[in-house]
Amino acid sequence: MAQKEDNLKDIISHAKEYGFVFPSSEIYDGLSATYDYGQLGSELKNNIKQYWWKSMVQMHENIVGIDAAIFMHPSVWKASGHVDAFNDPLIDNKDSKKRYRADVLIEDHIEKYRAKINKDVAKGLKRFGDDFNKEEFLKTNPNVLRNQAKIDEIEARMKETLTNEDLEGVYNLIMDLGIACPVSGSKNWTEVRQFNLMFSTELGSVSGESAKIYLRPETAQGIFVNFLNVQKSGRMKIPFGIAQIGKAFRNEIVARQFIFRMREFEQMEMQFFVRPGEEMKWYEYWKDQRINWHKKIGLGEENYRFHDHVKLAHYANAAADIEFNFPMGFKELEGIHSRTDFDLKQHQEHSGKKLQYFDPEINENYVPYVVETSIGLDRMFLAVLSSSYKTEQLENGSERSVLSLPAALAPYKVAVMPLTRKDGLPEKAREILASLKFDFNCQYDEKDSPGKRYRRQDAIGTPYCVMVDHQTLEDNTVTIRDRDTMLQERVSIQELNALIGEKVSMKNLLM
Ligand code: ATP
């Protein structure tokens, strides 16, 4: 774990050094849990957005995308339940003065038992090799059963206390488990309190006429309030989906761990409207679709797992997270929620407008049920960045930092370089660049030795470097170097476009 956390520190400094992510307002010492994406970070982020939008919206005939305003009528948040129920239980440690989410402290405690089980499994595997039957081991090993029983017991108590908003019960659970502050090691805790996560501000410039409004804590409500607009104007037939990418704001109690938990972040959400009674079928369908989307990126299938929610949100009848193996361990990356007809019904009631669909196939009017997929763009960014970042020992004894980003997501697809700054090589390189830049984001680099330039491109994840040398002037060929294998190949300039295009195409991820 310690090594993984060091890894996170390295990633944060690499991200800053190369222009991926900067702390917000850094010259004023930053603002907690807010970050700015730099020149390369915004390219990578845009490419992730494009991958999501292309696969979710443009490749589904029955899904369309919108871009709703961040500000919404205040009644939206009353109707959605966020004003009354969008709370997290917080607890302070009196000695370290550190604040925590009480449920996260308990989750982290449970994780220790999970780690014990995984350790026993690893031991068994080592001892019995191919003869090891993991399923059987999990069902019969006494240590595993004891640890699993402990997990089940804690989860059951956590679910009961959180669902009943029994804050004293949550406090008692923390005390009974002997959970200590990770910073001070002290068990001197305050009581548990509820904390609403929504930011509010005032709309209107004349005092007395202003209304309290909220910065949206999720993008989903912008979709619900536009359900009929889109359905009617787009002549959509159920089942259909509405997607959107946009900013969301939460006044998180504890906002550490880089861009994993921010107070201003971006979500990519899709609400899929279905016939009542069919929601579980679609819930399973979307769980399957989404995990496949992740696996196709190639960050390693072993880095994903599903985690069913212990406590369901006020709107859900089933919910699962896709967790990713971040540098801090397995944590939520995406949520898939069966939201029932809760939101549309609530908006129908609070607005007095009918939000129903006439289903010609069964000749019935109904309020559709909804299955949601919701992924944090910044968390996806961190997943991509952290699993791509490596330092490698090279044969000649030197070291290189490389971002082995999926080529389709890399900020620059190709760097074009003249071997030297004389003999017309820069002019030739710029000519090649001019022909490639219609199709690819390219960089021109002529400073320093070729080795140094290759290292620089490796560090920002550029999949290809094209080197222009004296032979190029004679026969119109260049060398093209592959970031991952570091091998160079001589090809004709004419072939470049097709060769690079085939390797970096988003099609490779979408097929
Ligand atoms: P968590 O349990 O980590 O607080 P959540 O269950 O509240 O997350 P959801 O409400 O399901 O999160 O939001 C959907 C997605 O939005 C999450 O899976 C996550 O990727 C992203 N997300 C939520 N909160 C944040 C945040 N503070 N910073 C960055 N991304 C976030």
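Within the chain, the longest run free of chymotrypsin sites (Phe, Trp or Tyr not before Pro) that sit in a DSSP loop with at most 15 other Cβ atoms within 10 Å is 200-437.
Averaging Cα coordinates gives a centre for the stretch 461-504 and one for the stretch 178-240; these two points are 49 Å apart. The DSSP beta bridges internal to the stretch 403-510 are antiparallel in roughly 55% of cases. What list of whole percents do you get for P(r) of the stretch 85-146, with Cα-Cα distances grouped in 5 Å bins up to the one holding the largest distance? Whole-percent P(r) values from 0 Å outward: 4, 15, 17, 15, 10, 9, 9, 10, 7, 3, 0.
Within the set of other residues whose C-beta is less than 13 Å from the C-beta of Thr340, count the net charge using Lys and Arg as +1 and Asp and Glu as -1. Please report the intermediate quantities before stating the final value.
Values: positive: Arg275, Arg339, Lys345; negative: Glu278, Glu279, Asp341, Asp343, Glu372.
Taking every Cβ under 13 Å from that of Thr340, the sum is -2.
Our summary gives the stretch 87-196 a relative contact order of 47 percent, counting only alpha carbon pairs under 8 angstrom and 6 or more residues apart. Rolling a 1.4 Å probe over the protein heavy atoms of the stretch 182-311, with every protein chain left in place, gives an accessible area that is 46 percent carbon and sulfur. In this simple spin-label model, placing a label point 7 Å from the Cα along the Cα-to-Cβ direction at both Phe132 and Leu197 gives a separation of 3.6 nm.
The average projected area of the stretch 87-196, computed from the convex hull of its Cα atoms over all directions, is 8.0 nm². Put a dot 7 Å past the Cα of Ser184, heading toward its Cβ, do the same for Asn292, and the two dots end up 5.2 nm apart. Subtracting the Cα-Cα distance of Lys212 and Lys232 from their residue separation scaled by 0.36 nm leaves 4.1 nm.
Taking Cα pairs under 8 Å and at least six residues apart, what relative contact order does the chain come out at, in percent? Spell out each step's value before the answer.
On the way: 852 pairs, mean separation 71.0, N = 511.
It rounds to 14 percent for the chain.
Once all protein chains are placed together, Lys54 keeps about 80 Å² accessible to a 1.4 angstrom probe. Three principal axis extents describe the C-alpha atoms of the stretch 411-458; from largest down they are 27, 25, 9 Å.
Assuming 0.890 mPa s and 25 °C, estimate D for the stretch 359-405 with Stokes-Einstein, Rh taken as the Kirkwood radius over Cα pairs, in µm²/s.
Numbers: Rh = 15.3 Å.
Stokes-Einstein gives a translational diffusion coefficient of 161 µm²/s.
Sparse packing (at most 13 other Cβ atoms within 10 Å of the Cβ) combined with a DSSP loop state is found for the following trypsin sites (Lys or Arg not before Pro) in the stretch 184-267: Arg235, Lys237, Arg256.
Taking every alpha-carbon pair within the stretch 209-338, the share separated by more than 26 Å comes to 30 percent.
What dipole magnitude, in Debye to the nearest 20, does the stretch 438-511 give about its Cα centre under +1 on Lys/Arg Cβ and -1 on Asp/Glu Cβ? Show your work: numbers first, answer last.
Working: 10 positive and 13 negative charges, 72 e Å.
In total the dipole reaches around 340 debye.
Think of the stretch 364-441 as having a plus end and a minus end, set by charges on the Cβ of Lys, Arg, Asp and Glu; of Ile375, Ser435, Pro418, Pro418 sits farthest toward the positive end of this dipole. Looking at the stretch 37-115, the GluC sites (Glu not before Pro) that sit in a DSSP loop and have at most 14 other Cβ atoms within 10 Å of their own Cβ are Glu61. Using the alpha carbons alone, the radius of gyration of the stretch 151-267 stands to its Kirkwood radius in an Rg to Rh ratio of 1.11.
Taking label positions 7 Å along the Cα-Cβ direction at both His309 and Ser398, the computed distance is 5.2 nm, reported to one decimal.
Among the GluC sites (Glu not before Pro) found in the stretch 197-301, those both in a DSSP coil and sparsely packed, with 13 or fewer other Cβ atoms within 10 Å of their Cβ, are Glu209. Positive end of the dipole of the chain (Cβ unit charges, origin at the Cα centre): among Ala459, Phe330, Ala408, the Cα lying farthest that way belongs to Ala459.
Placing +1 on each Lys and Arg Cβ and -1 on each Asp and Glu Cβ, with no other charges, gives the chain a dipole about its Cα centre of roughly 380 debye. Computed about the Cα centre, the dipole magnitude for the stretch 87-196 is approximately 580 debye when only Lys and Arg (+1) and Asp and Glu (-1) carry charge, each at its Cβ.
Mind jotting down a quarter of the surface of the convex hull over the alpha carbons of the chain, in square nanometres, one decimal?
For the chain, averaging the hull's shadow over all directions gives 31.4 nm².
Accessible area per residue for the chain is 49 Å², calculated with a 1.4 Å probe on protein heavy atoms, without ligands, DNA or RNA. If you average the C-alpha positions of the stretch 49-128 and of the stretch 273-289 separately, how far apart do those two centres end up, in angstrom? Taking the Cα centre of the stretch 273-289 as reference, the centre of the stretch 49-128 is 21 Å away.
Note on the stretch 291-370: Cα convex hull, mean projected area over all directions, 7.9 nm².
Between Asp484 and Asp95, what's the calculated FRET efficiency when r is the beta-carbon distance and R0 is 45 Å? Round to 0.05.
Values: r = 49 Å, r/R0 = 1.08.
E(calc), rounded to 0.05, equals 0.40.
Its Cα gyration tensor gives the stretch 403-510 an equivalent ellipsoid; the semi-axes, largest first and in whole Å, are 21, 15, 12.
The values are calculated or read from the model by the stated rules, or taken from the named source; none is laboratory data. Keep in mind that what you see is a predicted model, and the values were worked out from it rather than measured. All Cβ positions, even for glycine, are placed from backbone atoms using ideal geometry, and neighbour counts span all protein chains on display. Note: areas computed on protein heavy atoms with side chains; ligands, DNA, RNA excluded. Shrake-Rupley method; radii C 1.70, N 1.55, O 1.52, S 1.80 Å.
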